[in-house]
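Participant: The structure's right below; bear with me while I get my questions together.
Only the coordinates and a few stated rules stand behind these numbers; no lab work does. The structure presented is a predicted model; accordingly, all values stated were derived computationally and were not measured. No Cβ is skipped: glycine too gets one built from the backbone with ideal geometry, and neighbour counts run over all protein chains shown.
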């Protein structure tokens, strides 16, 4: 097998170089056609998974903000909550990460803030999770900053 490489030099002359190429085989994978189609995981399913994981660890004032209609938004959704102590903030973050991986097969792209646990940010590309310590949520007030977004509040049904 031979590959022809064509180059154009500055004087616009066309030059062809013939290079031998090793033939490689490509593996083809068959897609299993089954009667039961795989479940498509939507943003709503992921939001439900995240909010349930937060509420399992007693997160307070859990809300999501739909940012899709805001032109300057860097993501589709924010999910925000707070907790009273640093260990609880870390526990909420760990639970969200675990549930998203086990139920939705999604890993965190980036996470920041676990060192001091005042404000943990977890990026799942289409959803960004903010877990605050109570006083930091009151200070930064993200809900007011993104006031144009559609806000949905979540409460624990088990109570």
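Participant: From Cα coordinates alone, what are the radius of gyration and Dmax values for segment 39-106 in angstrom?
Facilitator: Calculated on Cα positions, Rg and Dmax stand at 12.6, 37 Å.
Participant: With 10 angstrom as the radius, rank 125, 134 by how many other C-beta atoms surround their C-beta, starting from the fewest.
Facilitator: Fewest to most other Cβ atoms nearby, the residues stand as 125, 134.
Participant: What does the extension gain come out to for residue 105 and residue 72, with contour length at 0.36 nm per residue minus their alpha carbon separation?
Facilitator: 9.1 nm
Participant: Over segment 43-154, what relative contact order in percent results from Cα pairs under 8 Å that are six or more residues apart?
Facilitator: 32
Participant: Could you tell me what percent of the DSSP beta bridges with both partners in segment 43-154 are antiparallel, to the nearest 5?
Facilitator: If we restrict to bridges inside segment 43-154, about 70 percent are antiparallel.
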